[in-house]
Amino acid sequence: MKTLKIKLIALTGFCVLSLSTKAIAQQANIDLTQDKKIDKLLEVKKEMNQDKNATDRFRIQIFSVTTDRSAANRALSRYNAEFKQWESTLLFETPNYKIWVGSFRTQLEADRALVEIKEKYPNAFILKPKANN
């Protein structure tokens with residue numbers, strides 16, 4: 001029985017050593033040549049993604065109150081003290097003051113932020129504002 005274990009260990013060691021020499025990676029150099037217009041296109045895309053007022057973005061509403069601007073300002077100040085990573089906006093849509101947060105490109109980004117925001121603002125929800133034509 002002991003000789004079987006010794007043979008098994010020796011065979012395993014031999015296999016590991018022989019396979020490890022085959023697993024060494026090779027190095028290579030790649031030269032990439034691309035059109036200069038691609039850089040310009042990437043810059044335009046970056047500018048488009050930075051547009052926080054784009055109408056196809058998701059927002060999170062954390063607060064809404066009827067006709068009490070001072071309460072809305074207090075809530076806005078409280079939010080800005082607690083969360084720095086998402087920009088907030090105070091809106092007035094007759095007769096309500098609302099606080100919208102963030103400018104998320106995807107529903108997934110908004111969902112991730114909502115989980116964090118709901119810890120402090122349990123009534124928060126995601127919305128996608130309609131474009132004003």
Scope region 103-119; condition touching a helix residue (DSSP H, G or I) at 6+ places or on another chain (Cβ under 6 Å) and either of a type in the set (S, T, Y) or closer than 15 Å to F63 by Cβ (or both); matching residues: none
Neighbours by Cβ (under 7 Å, 6+ apart or cross-chain): first from region 67-92, free of Cβ contacts under 8 Å to residues at least 40 places away in the same chain; second of a type in the set (K, R): E82/K120; E87/K52; L91/K98
Positions within region 93-118 being in contact (Cβ under 8 Å) with a residue 40 or more places away in the chain, surrounded by fewer than 15 Cβ atoms within 10 Å (Cβ to Cβ) and of a type in the set (S, T, N, Q), in sequence order: T106, Q107
Condition met for T106 (more than 23 Å from T67 (Cβ to Cβ) and not small (G, A, S)): yes
Residues of region 30-76 classified as surrounded by 11 or more Cβ atoms within 10 Å (Cβ to Cβ) and at pLDDT 85 or above, total: 17
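The values are calculated or read from the model by the stated rules, or taken from the named source; none is laboratory data. Quantities reported herein were computed from a predicted structural model and do not represent experimental measurements. A quick note on method: Cβ atoms are made from the backbone with ideal geometry, for glycine too, and the neighbour counts reach across all protein chains shown.
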